[in-house]
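S.K.: Below is the structure I would like to discuss, written out as structure tokens.
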Amino acid sequence: MRDDAKLSDGVVTLSPLDPADAARLLCAVPSPPDAPWRAHGPARTFGIRAGRLVGAVQLRPAAAEPADLAGHDVDLGFVLEPEARGRGFATRAVLLACGHARAEGARRAVIVTTAGHATASAVARRAGFAHRGQISHADGTLLDWHVRPLDRPY
């Protein structure tokens, strides 16, 4: 996606996020940035806008762990401001991000949440992700692993 391009479904728009907003919003992302399933490659971060900036979504090439993740997988993380939650914005943003990842050649999207995080898991489920199990982080944190093939339109 070009830096000035936008993705929209008519309610939510994803667009480039300035570094200050990215730092502020992404410090709230619950999964550890050094998690073993993540690649340390470049991330694409977009602002989630619904009339105003309400959150962020981040796409990053996924690492080859767990072993059955292919090289064309994308790790997807999202965060919303508390006052924007419960209105469907996160699900819409995840669907838009999946469409973008698919257009860029990704074959599968992965969302990893803190185990038992019902709200984040519900967003993943509504966006077509299947719960694939749990991953134990090196620090002992238990994480839920959600996967969605991107071979079909969202």
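S.K.: Which residue pairs have Cβ atoms under 6 Å apart, sit 6 or more places apart or on different chains, and have a first residue in segment 133-153 that is open to solvent by 100 Å² or more (accessible area, probe 1.4 Å) and a second that is at pLDDT 85 or above?
M.R.: From residues that are open to solvent by 100 Å² or more (accessible area, probe 1.4 Å), the pairs are Q134/A115; Q134/L142; Q134/D144.
Every residue, every condition in (1) under 16 Å from D151 (Cβ atoms); (2) charged (D, E, K, R); (3) in contact (Cβ under 8 Å) with a residue 12 or more places away in the chain, yes or no:
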| position | (1), (2), (3) |
| --- | --- |
| D75 | no, yes, yes |
| G86 | no, no, no |
| A90 | no, no, yes |
| L96 | no, no, yes |
| G105 | yes, no, yes |
| V112 | no, no, yes |
| H117 | no, no, yes |
| A122 | no, no, no |
| A127 | yes, no, yes |
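S.K.: Anything in segment 112-130 that is at pLDDT below 95 and open to solvent by 50 Å² or more (accessible area, probe 1.4 Å)? List them, or say none.
M.R.: Correct list: G116, H117, A118, T119.
S.K.: Scanning segment 116-143 for residues that are in contact with a Leu (Cβ under 8 Å, 6 or more places away or on another chain) and not small (G, A, S), which turns out nearest to G86 (Cα to Cα)?
M.R.: So, considering only residues that are in contact with a Leu (Cβ under 8 Å, 6 or more places away or on another chain) and not small (G, A, S), the one nearest to G86 (Cα to Cα) is Q134.
The values are calculated or read from the model by the stated rules, or taken from the named source; none is laboratory data. Model, not experiment: these values are computed from the prediction. Cβ: placed from backbone, ideal geometry, glycine included. Neighbour counts: every protein chain shown. With ligands, DNA and RNA removed, areas are computed over all heavy atoms of the protein, side chains included. Shrake-Rupley method; radii C 1.70, N 1.55, O 1.52, S 1.80 Å.
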